[in-house]
Structure formats: C-alpha cells, structure tokens
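I have placed the structure first, in the form of structure tokens, so that the comments after it can refer back to it.
The values are calculated or read from the model by the stated rules, or taken from the named source; none is laboratory data. Predicted, not measured: the structure shown is a model, and the values here were computed from it. All Cβ positions, glycine included, derive from the backbone under ideal geometry; neighbour counts span all protein chains shown.
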Amino acid sequence: MSLWLSYTSYSMYYDGSEMTNDEVEFLLAIASYQKRFDRRYPTWLEVLHILRCLGYRKVAEPVAIEQPLPPDDAQPHRRR
C-alpha cells in the first residue's frame, strides 16, 4: 500500500498504526477540515463540530471520568 501523508503529515501506514475504520474516518475528516479551512490546529469546538458532522451524538448518560484513560475497547491495537 502506498504511503499516505495527510495535511498534518500523519501517516496511517507505519508499524504499530493499526486503526479501526472509525478512527481512520475521524482522522481523514480532521485532515480534510484542516486543509479546507487552513486550520493547522483546530479548536476543541471545531473537533466537536467535525464529530457531529460524522454523525456522532450523545446516546447515553454521562459517566464521571475518574482517570484520564480511555475505555479498554478504545485501545488502538484492537481491530474491530
């Protein structure tokens, strides 16, 4: 597979970069937004807007964040 460099110079094809389809879709959406609006570093509000454009919505009650660790199913080494 050919090397793909995004606007952020992030390569999805290097050792240890296994990502789910959702993660790839999110990264491509961020890269597209950065390029279209010339925003090297989008704000968190812009990232939230991108997520909403991808179709993400709140569907569960909020849960308190006790530690700054993602849930086990969000680990990048696990393929879905």
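Using the structure shown, decide if ILE30 is part of a helix (DSSP H, G or I) and of a type in the set (A, V, I, L, M, F, W, C).
Numbers: part of a helix (DSSP H, G or I): yes; of a type in the set (A, V, I, L, M, F, W, C): yes.
Considered against the rule, which asks whether it is part of a helix (DSSP H, G or I) and of a type in the set (A, V, I, L, M, F, W, C), ILE30 comes out as yes.
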For this session: Return the pairs, sorted by first residue and then second, in which the second residue is modelled with pLDDT of 95 or more and loosely packed, with under 10 Cβ neighbours inside 10 Å, the first residue lies in region 44-64 and is closer than 14 Å to GLN34 by Cα, the beta carbons are less than 8 Å apart, and the residues are 6+ apart or on different chains.
Result: none
Problem set entry | Complete set of residues in region 36-48 that are surrounded by fewer than 13 Cβ atoms within 10 Å (Cβ to Cβ) and either on the phi < 0 side of the Ramachandran plot or modelled with pLDDT under 90 (or both) | ARG36, PHE37, ARG40, TYR41, THR43, TRP44, LEU45, LEU48
Exercise. Would you call SER2 surrounded by 10 or more Cβ atoms within 10 Å (Cβ to Cβ), among the small types (Gly, Ala, Ser) and either modelled with pLDDT of 95 or more or not in a helix (DSSP H, G or I) (or both)?
Worked result: no
